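Okay, structure first, notes after.
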Amino acid sequence: MNRGNQYQHSNQDYRLVFTNKYFNYVVTDKKNIKGFFSQKIKGFPNFSLLLEKFIPLSEKDKNIVFDTKIKQGFLEEISKLNIRKEEFGVLPFYKDIDNICNGLKNQGYLKIFDKELKTKTRLICGLGSSSVLETSITLHRTYGIPYIPSTSIKGVCRSVAFWKIFEKYGLNVSGKFNDQLIDVKDEGDVDIQFYQLLFGAQDFKGLLLFLDAFPLINQNPINQNLFDIDVMNVHYPSYYSEQKKYPVESDNPNPIFFITVKKGIGFRFVVFFDRHRWENIKSKIKNKSNNNLSGDEIWKKIDHKTVEKVDDFIKEGEEKEGSIKELLEKALGFYGVGSKTRLSYGLFTVGQ
């Protein structure tokens, strides 16, 4: 029922309102809410559009509110929707990923990792992003499917890499250690220089390039369900909201429902190394004594042992994925990626 852009109230005790700038619906039968959800969003091809533009609100006593039970029903129906292989399997972005890979190779990049890894636990990226739903999830803006941003993958891999160095130095020098990571130092530690070259520093762009990780929907033989519904339960809402009462067991829990990517979903992880730029840096290191070369450039600070270590890293990447495989498997198989990793979210099955 189209009602323009204004809410209209009635004497009814309950009404469910779907509304945005372009369309809105009203449901007055509370018993048929789930049936309405199922009917309206069945076959809906874009989850991002659903979660941003089809938000259910309930109208009680002339007040528009966001009812927890309504939200639960809405998210449950979304979590049941299947990705239809015949539609998503031919989406342009699948070919775009291959085109990007080919384009990077033509620009002198070396592909050192390209593998499917499946989620071992639930995955949620972008949980804390702004949303009417209180919680959010990172979805592709155009195609509406979940993905893992390249920055998240690089971030967790970088953390693993520098924790390895931190263990070498010991926990008593954390301040000094962090200072050494900001810029590439003259005659610095070989391990620190090595990982600064790979992941970057304040004065240097890293040589590794991570791509966004997308689910491999078109690799599955049947239609696939990607989502699970999960819940965070605040057991002492009065204590946290009013900050006056003591936490007591008589408080009513306040469940917060949210969407996650379910276990067993395969994602494609791709990592490149900027070999063309590295060869240029090596040529400058080789000619350090040339008086015509000037300026405070990174190549002046790199130790020859660091050069050897990077070359070994490239060779391993060409032959068997080597160190980058070990790094990714440690990051994704032990630490996890995305939100709530301390609670074992975002882990992947590795080593297979």
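The values are calculated or read from the model by the stated rules, or taken from the named source; none is laboratory data. Quick caveat: nothing in here was measured; it's all calculated off a predicted structure. Here the Cβ is made from the backbone with ideal geometry for all residues, glycine too, and neighbour counts use every protein chain on show.
Residues that are modelled with pLDDT under 85 and under 20 Å from residue 302 (Cβ atoms) within the stretch 194-216 comprise 201, 202, 203, 204, listed in sequence order.
Counting only residues that are assigned to a helix (DSSP H, G or I), out of contact with any strand residue (DSSP E or B) (no Cβ under 8 Å at 6 or more places or on another chain) and basic (Lys, Arg), which one in the stretch 237-282 is modelled with the lowest pLDDT? Restricting to residues being assigned to a helix (DSSP H, G or I), out of contact with any strand residue (DSSP E or B) (no Cβ under 8 Å at 6 or more places or on another chain) and basic (Lys, Arg), the top hit is 282.
Taken over the stretch 120-137, the criterion of being under 22 Å from residue 347 (Cα atoms), modelled with pLDDT under 90 and surrounded by 17 or more Cβ atoms within 10 Å (Cβ to Cβ) is satisfied by 126, 127, 135, 136, 137.
The residues of the stretch 80-114 that are at pLDDT 80 or above and either among the acidic types (Asp, Glu) or part of a helix (DSSP H, G or I) (or both), listed by number, are 96, 97, 98, 99, 100, 101, 102, 103, 104, 105, 106, 114. Figure legend. Inter-residue proximity from the stretch 308-337: first residues over 9 Å from residue 112 (Cα atoms), second residues assigned to a helix (DSSP H, G or I) and of a type in the set (S, T, N, Q), beta-carbon distance below 8 Å, spacing 6+ or different chains. Indicated pairs: 313/323; 331/159; 335/159; 335/341; 337/152.
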